[in-house]
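**Student:** Submitted below is the structure of interest, expressed as structure tokens.
The values are calculated or read from the model by the stated rules, or taken from the named source; none is laboratory data. Since the model is a prediction, treat every value here as computed from it, not as a measurement. Every residue, glycine as well, gets a Cβ built from its backbone with ideal geometry; the counts of neighbours run over all protein chains shown. SASA here: full protein model, heavy atoms, side chains in, ligands and nucleic acids out. Shrake-Rupley method; radii C 1.70, N 1.55, O 1.52, S 1.80 Å.
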Amino acid sequence: MSAVDANVAALEERKTPASSIGEKNTAFSFLGEDVTPLDEAIAARVLRKIDWFFMPAMLIGYGMVYYDKAILGSAVLFGMTKDLELSIVNTSVSPAVTDTTRLSWATSIFYFGQLVGSYPMVYLLQRFNVSRTLGPIVLVWAILCASTAGVTSWSGLLVQRFFLGFVESMVPTAFMTTVSGYYTQREQALRQSWWFSGTGWFTIIGSALNYAFGQITRGSLHRWQYLYILAGGLTALFSAWCFALPNSPTDAWFLTIEERKVAVERLRHDQQGVRSEETQRIKVSQIKEALLDVKIWLVALMMASAYTVNGAVSGFGPLIVSTFGYTTLESILFQFPLGFICAIGIPLTGFLASRYGNRISMLLLCTLPTIAGFVTIWKSSWGHRSVAPVVGYSLIGFFGPVVSLIITLGAGNVAGATKKSFVAAAVFVAYCVGNIIGPFLIDSKQKSRHYPKLWTGLIICYCITIAAASTLFVILRRENKRRDALDLDDNERTRLAFKDLTDKENLHFRYIM
């Protein structure tokens, strides 16, 4: 018995026979078990159609996910802090001390909501059709976002942001699993980076919008209230696309029948499977495997440590820049270079990863300018229109490529529908943990000393990222070498492609590094 047959036999012992999976799997009803040679021209056309349907909308969608969180950083400069009593000035001491703990909680509570919502939302996403879950959820998100304008107290803001985070938790996970369900492993790095680059583009676009609304001097609403109403309206437009999403390549309405078959055949070689009625069933065995998989824990640790910087920058970025000696509006404009580095660096590293591989090497390389940015801000002189800390603040934008490559490593190194969904949620939970920690590294009492607690904490987090990424590289390379040495029957590869096996069960699967 071959190693692959042994894995299939193990499945049968758990009463999930591979044959029954194959019989129910929609991919087999489309293709059968015989491999059909791909017409390169048709395959290229299919890939192009998939790109045009998903990528622009996903970039905008994730840009909105980032924008409605980052609004808080500008809103506090436009009077929200005073209106909702997010900061408290203690005048009983000399000099007076400003306590921004409430603002830290307003930033972090959003991610507590995402943390609580992540697994319920992932369950809904896997159990039911994508359009019937993501569409309504995004519409609710739009309503909640716009309702921020009606909040009248800091406690009300905390409640509103918790539920906003709860519903938004579905979006990044849905995007991760969508890319892994339509693209080959080689294509995924670039596509994951395309939608994730919305972080950078909407840092620029959002800052421009915030600057424009900052010019408002009259009106029945405060300037920060207009920002949230605009964000809610844009999100509502995005929900229309979500209602039109197909469930998998087999029912992608924007492709012809012939093109759908090609779309599914493209995925057969990667052994990652295709979403179907069978794969929408939750499999406890795959959840157990994910929990015991050290690779998943390493990816989650990398995400939590690398994304800590976002929790600090999204809520406090403009506020920190204003302490370099710049006006409120100038502080908003200085988000542009940081956003530009994210917007260009994320798809560039995704392209290089798709073309040449070496994802972990590029990830490690991008951590270095990020750490340099932390040190430059911390150790430079802050005064009237200081240049050095602004340069350091811009270098922090390299955190975007780091996180984008982590997402690629998490999504591309997993097979099995339930395991993929579980891992996507786990990575997202780690993302929330990093964002929760970030704001609490900022101690307003340390402002005169350039927030040493913040920069020390972030440097430690990025050292953890480097250590975890290096360990993951060693594990993946060792496992690929072990599998390459096995005497596997290539004919089995075709038969097992759509059996919903995990990456551990299917020894034909190869890990990307």
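**Student:** Against the condition assigned by the TED database to the domain that holds LEU441 and surrounded by fewer than 20 Cβ atoms within 10 Å (Cβ to Cβ), how does LEU298 come out, does it pass?
**Tutor:** no
**Student:** Going residue by residue through segment 137-150, is there one that turns out to be at pLDDT below 85 and touching a Cys at 6+ places or on another chain (Cβ under 8 Å)? Lay out the reasoning, then the answer.
**Tutor:** Taking segment 137-150 as the starting set, the residues that turn out to be at pLDDT below 85 are none.
Among the residues of segment 137-150, not one is at pLDDT below 85 and touching a Cys at 6+ places or on another chain (Cβ under 8 Å), which makes the answer no.
**Student:** Continuing with this model, one more query. Would you point out which residue out of ALA252, ALA240 is open to solvent by less than 50 Å² (accessible area, probe 1.4 Å) and not assigned by the TED database to the domain that holds ASN310?
**Tutor:** Going through ALA252, ALA240 in turn, the sole match is ALA252.
**Student:** As an exercise: evaluate GLY206 against (1) crowded, with 24+ Cβ neighbours inside 10 Å; (2) more than 17 Å from the chain's Cα centre (by Cα); (3) closer than 30 Å to ASP251 by Cα and give the number of the one condition it does not meet.
**Tutor:** GLY206 satisfies every listed condition except (3).
**Student:** Given GLY165, GLY198, which one is open to solvent by less than 10 Å² (accessible area, probe 1.4 Å), small (Gly, Ala, Ser) and over 13 Å from the mean Cα position of the chain (by Cα)?
**Tutor:** When all the criteria are applied, what remains is GLY165.
**Student:** Scan segment 297-308 and report the pairs whose first residue is over 24 Å from GLY373 (Cβ atoms) and whose second residue is of a type in the set (S, T, N, Q), with Cβ atoms within less than 9 Å and a gap of 6+ or a chain change.
**Tutor:** LEU298/THR471
**Student:** Quick check on my filter: what residues within segment 219-232 are open to solvent by less than 40 Å² (accessible area, probe 1.4 Å) and either under 13 Å from TRP141 (Cα atoms) or of a type in the set (S, T, N, Q) (or both)?
**Tutor:** GLN225, TYR228, ALA231, GLY232
**Student:** Could you please find all residues in segment 405-421 being surrounded by 24 or more Cβ atoms within 10 Å (Cβ to Cβ) and either in a helix (DSSP H, G or I) or without any contact (Cβ under 8 Å) to a residue 60 or more places away in the chain (or both)?
**Tutor:** LEU405, ILE406, ILE407, THR408, LEU409, GLY410, ALA411, GLY412, ALA417, LYS419, LYS420, SER421
**Student:** Would you mind stating whether THR173 is among the β-branched types (Val, Ile, Thr), open to solvent by less than 10 Å² (accessible area, probe 1.4 Å) and touching a Cys at 6+ places or on another chain (Cβ under 7 Å)? Give the derivation first.
**Tutor:** Values: among the β-branched types (Val, Ile, Thr): yes; open to solvent by less than 10 Å² (accessible area, probe 1.4 Å): yes; touching a Cys at 6+ places or on another chain (Cβ under 7 Å): no.
No: the conditions fail for THR173.
**Student:** Quick check, is LEU395 assigned by the TED database to the domain that holds CYS461, more than 19 Å from the chain's Cα centre (by Cα) and free of Cβ contacts under 8 Å to residues at least 12 places away in the same chain? Quick ask: steps written out before the conclusion?
**Tutor:** Details: assigned by the TED database to the domain that holds CYS461: yes; more than 19 Å from the chain's Cα centre (by Cα): yes; free of Cβ contacts under 8 Å to residues at least 12 places away in the same chain: no.
In short, no.
**Student:** Sticking with this structure for a sec: Can you go through GLY325, GLY339, GLY345 and tell me which one is surrounded by fewer than 18 Cβ atoms within 10 Å (Cβ to Cβ) and in the same structural domain as ASP443 (by the TED database)?
**Tutor:** The unique qualifying residue is GLY325.
**Student:** Would you confirm whether or not segment 138-148 contains a residue that is assigned to a helix (DSSP H, G or I), more than 22 Å from the chain's Cα centre (by Cα) and of a type outside the set (Val, Ile, Thr)?
**Tutor:** yes
**Student:** Just wondering, is there one or more residues in segment 65-88 that are out of contact with any Leu (no Cβ under 8 Å at 6 or more places or on another chain), part of a helix (DSSP H, G or I), open to solvent by less than 10 Å² (accessible area, probe 1.4 Å) and among the β-branched types (Val, Ile, Thr)?
**Tutor:** Yes, because at least one residue in segment 65-88 is out of contact with any Leu (no Cβ under 8 Å at 6 or more places or on another chain), part of a helix (DSSP H, G or I), open to solvent by less than 10 Å² (accessible area, probe 1.4 Å) and among the β-branched types (Val, Ile, Thr).
**Student:** Give the number of residues within segment 95-134 that are assigned to a loop (DSSP other than H, G, I, E, B) and not polar (S, T, N, Q). Steps first, please.
**Tutor:** Start the filter on segment 95-134 by keeping residues that are assigned to a loop (DSSP other than H, G, I, E, B), which leaves 95-96, 100, 128-129.
From what's left, not polar (S, T, N, Q): 95-96, 128.
Residues in segment 95-134 being assigned to a loop (DSSP other than H, G, I, E, B) and not polar (S, T, N, Q): 3 in total.
**Student:** What number of residues within segment 306-322 are under 17 Å from the mean Cα position of the chain (by Cα) and open to solvent by 10 Å² or more (accessible area, probe 1.4 Å)?
**Tutor:** Of segment 306-322, the ones under 17 Å from the mean Cα position of the chain (by Cα) are 306-314.
When the remaining residues are screened for being open to solvent by 10 Å² or more (accessible area, probe 1.4 Å), the result is 313.
The number of residues fulfilling the criteria is 1.
**Student:** If you scan segment 45-59, which residues turn out to be within 19 Å of GLU265 (Cβ to Cβ) and without any contact (Cβ under 8 Å) to a residue 60 or more places away in the chain?
**Tutor:** ARG48, the sole residue that qualifies.
**Student:** Further question: So for segment 66-77 (the condition being at pLDDT 80 or above, acidic (Asp, Glu) and within 30 Å of LYS420 (Cβ to Cβ)), does at least one residue qualify?
**Tutor:** Yes, that holds for at least one residue.
**Student:** So, one more: Looking only at segment 465-489, count how many residues are part of a helix (DSSP H, G or I) and open to solvent by 70 Å² or more (accessible area, probe 1.4 Å).
**Tutor:** Going through segment 465-489 one residue at a time, the tally reaches 5.
**Student:** Within segment 237-280, count every residue that is modelled with pLDDT of 85 or more, of a type in the set (Ser, Thr, Tyr) and part of a loop (DSSP other than H, G, I, E, B).
**Tutor:** 1
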